[in-house]
1. Test PHE117 against the criterion of being surrounded by 17 or more Cβ atoms within 10 Å (Cβ to Cβ), on the phi < 0 side of the Ramachandran plot and outside any loop (DSSP other than H, G, I, E, B), and give yes or no.
2. In the list LYS279, LYS304, which residue meets the criterion of being basic (Lys, Arg) and in a loop (DSSP other than H, G, I, E, B)?
3. May I ask you to verify whether VAL148 is surrounded by 17 or more Cβ atoms within 10 Å (Cβ to Cβ), modelled with pLDDT of 95 or more and under 24 Å from LEU359 (Cβ atoms)?
4. Assuming CYS237 fulfils every condition listed in (1) within 25 Å of MET107 (Cβ to Cβ); (2) in contact (Cβ under 8 Å) with a residue 40 or more places away in the chain; (3) open to solvent by less than 30 Å² (accessible area, probe 1.4 Å) apart from one, which condition is it?
5. Would you mind telling me which numbered condition in (1) farther than 19 Å from GLU327 by Cα; (2) of a type in the set (D, E, K, R); (3) under 27 Å from the mean Cα position of the chain (by Cα) ASP83 fails?
6. Which of the residues belonging to the range 190-222 are within 26 Å of LYS279 (Cβ to Cβ) and part of a helix (DSSP H, G or I)?
7. Among THR129, THR135, which is the only one that is hydroxyl-bearing (Ser, Thr, Tyr), in a helix (DSSP H, G or I), open to solvent by 30 Å² or more (accessible area, probe 1.4 Å) and over 21 Å from SER321 (Cβ atoms)?
8. How many residues are over 17 Å from MET51 (Cβ atoms) and part of a loop (DSSP other than H, G, I, E, B) when one looks only at the range 350-392?
Amino acid sequence: MGFMTMEQPQLLSKIAMGNGHGEDSPYFDGWKAYDENPYHPTMNPNGVIQMGLAENQLTSDLVQDWIMSNPEASICTIEGVHDFKAMANFQDYHGLPEFRNAVAKFMSRTRGNRVTFDPDRIVMSGGATGAHEVTAFCLADPGDAFLVPTPYYAGFDRDLRWRTGVQLVPVICESSNNFRLTMQALEEAYEKAKEDNIRIKGLLITNPSNPLGTTMDRTTLRTLLSFINEKRIHLVCDEIYAATIFTHPSFISIAEIIEHDTDIECDRDLIHIVYSLSKDMGFPGFRVGIIYSYNDDVVDCARKMSSFGLVSTQTQYLIASMLSDDEFVGRFLTESAKRLAQRHRVFTMGLARVGIKCLQSNGGLFVWMDLHHLMKTPSFEGEMELWKVIIHEVKINVSPGSSFHCSEPGWFRVCYANMDDKAVQVSLQRIHAFVTLQNKEIMVSEKKRCWHSDLRLSFKSRRFEDIMMSPHSPIPQSPLVKAST
């Protein structure tokens, strides 16, 4: 007589057993490829260069200099240790008053001092990730949805959906108008959701945009306010790249519209801003996320929820001191914009030398790069095939547009502010070598089309290295690059 097999009980939750985090997407796969084989100019010069991480490391020297000149800003120094006990025991989820005042003042400064922010509405959270999730918990129930213009940050699928049960409904934006958000696209997405019995609770925008690096103009922002007021839905504005603007046009915050454009109807209870110091100051490890809502009930609920992701008091103490230094903040913002402009210019000009175009941008820490002409087939499968070659053979981690829910294949986000000048030159040299070889193979393929049935999207590493080191390489080999080989 055989033994009866009993069904084993599920020991873990659906969240623990599911893949709602989205870690299996190409966006995170690129990070894994880098982690397994990271580039280093001397220890591993043939490793993967990380250009999939939107970090701002161009101004870290300015912050370090300030810290050296202001040791009392840290409770872990001789000059600041007298406040150690008080800070180590402070755990009020409202946060240090000095911290909230400094952040409110900094938010005004990064928006040209054209608007003011109330420190009592500053709610802290564990980075923008935590801020977005808390906001979603406050505004929507499981099954409800937010409209999100495409392409949008790949992490939103994790931040807003994973634990909240909230859905994201894409609003399709297209390259034909430089991916600008239109009222027609908004209406179509909203009506389609209604037909599918999906309750739309809000519209989420990222301004400045990740991954586009563009900003919304005043007319568009006014249109969005009219739209959300008419539909009676919330507007969540992710403004974490506010201080990364390096050229015209300047950034316009939604706060500026509701404060100054008094001719437009606006229910302030529907307006919420997510901010962070990860991008503007280059502090992703400090996990300083901010929720700024004009809705009293949201402020109250979000503050209670912030207990699950508070910013450490030690960090608050340091940030309060740093952002209260007006002279430093002014110098930092000016120099940051200058360095971002220079890096953007160097990188986009380097790409242009081999015919690679990017969407014109004025902010962010990345470019939206058009590689559709290098794809074997004009499809998302062709995009993924090209991406795998770039990751595994060119050894640069860039993020494919499909991971940002882009509606058109062939676009890639490339980050350029998380590395030094030397790494930028190496990355450009690799890209130039790859494009040069691809163009040669395409020409050969066209000549031999009558007997060549297929052109494989690949290249031999030896041939790639030959072009990289050739004196006729399309990118001049700088002394820094030569020294690393």
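1. Values: surrounded by 17 or more Cβ atoms within 10 Å (Cβ to Cβ): yes; on the phi < 0 side of the Ramachandran plot: yes; outside any loop (DSSP other than H, G, I, E, B): no.
Against the criterion (surrounded by 17 or more Cβ atoms within 10 Å (Cβ to Cβ), on the phi < 0 side of the Ramachandran plot and outside any loop (DSSP other than H, G, I, E, B)), PHE117 does not qualify.
2. On the way: LYS304 fails: in a loop (DSSP other than H, G, I, E, B).
Among LYS279, LYS304, only LYS279 is basic (Lys, Arg) and in a loop (DSSP other than H, G, I, E, B).
3. Details: surrounded by 17 or more Cβ atoms within 10 Å (Cβ to Cβ): yes; modelled with pLDDT of 95 or more: yes; under 24 Å from LEU359 (Cβ atoms): yes.
So VAL148 passes the test.
4. Going through (1) within 25 Å of MET107 (Cβ to Cβ); (2) in contact (Cβ under 8 Å) with a residue 40 or more places away in the chain; (3) open to solvent by less than 30 Å² (accessible area, probe 1.4 Å) one by one, CYS237 breaks only (2).
5. (3)
6. So in the range 190-222, the residues within 26 Å of LYS279 (Cβ to Cβ) come out as 202-222.
ARG218, THR219, THR220, LEU221, ARG222, listed by residue number.
7. Details: THR135 fails: open to solvent by 30 Å² or more (accessible area, probe 1.4 Å).
Among THR129, THR135, only THR129 is hydroxyl-bearing (Ser, Thr, Tyr), in a helix (DSSP H, G or I), open to solvent by 30 Å² or more (accessible area, probe 1.4 Å) and over 21 Å from SER321 (Cβ atoms).
8. Final tally of qualifying residues: 10.
The values are calculated or read from the model by the stated rules, or taken from the named source; none is laboratory data. What you are looking at is a predicted structure, and each value in this text was computed from that prediction instead of being measured. Cβ: placed from backbone, ideal geometry, glycine included. Neighbour counts: every protein chain shown. Note: accessible area is taken over every heavy atom of the protein model, side chains too, but ligands, DNA and RNA are not part of it. Shrake-Rupley method; radii C 1.70, N 1.55, O 1.52, S 1.80 Å.
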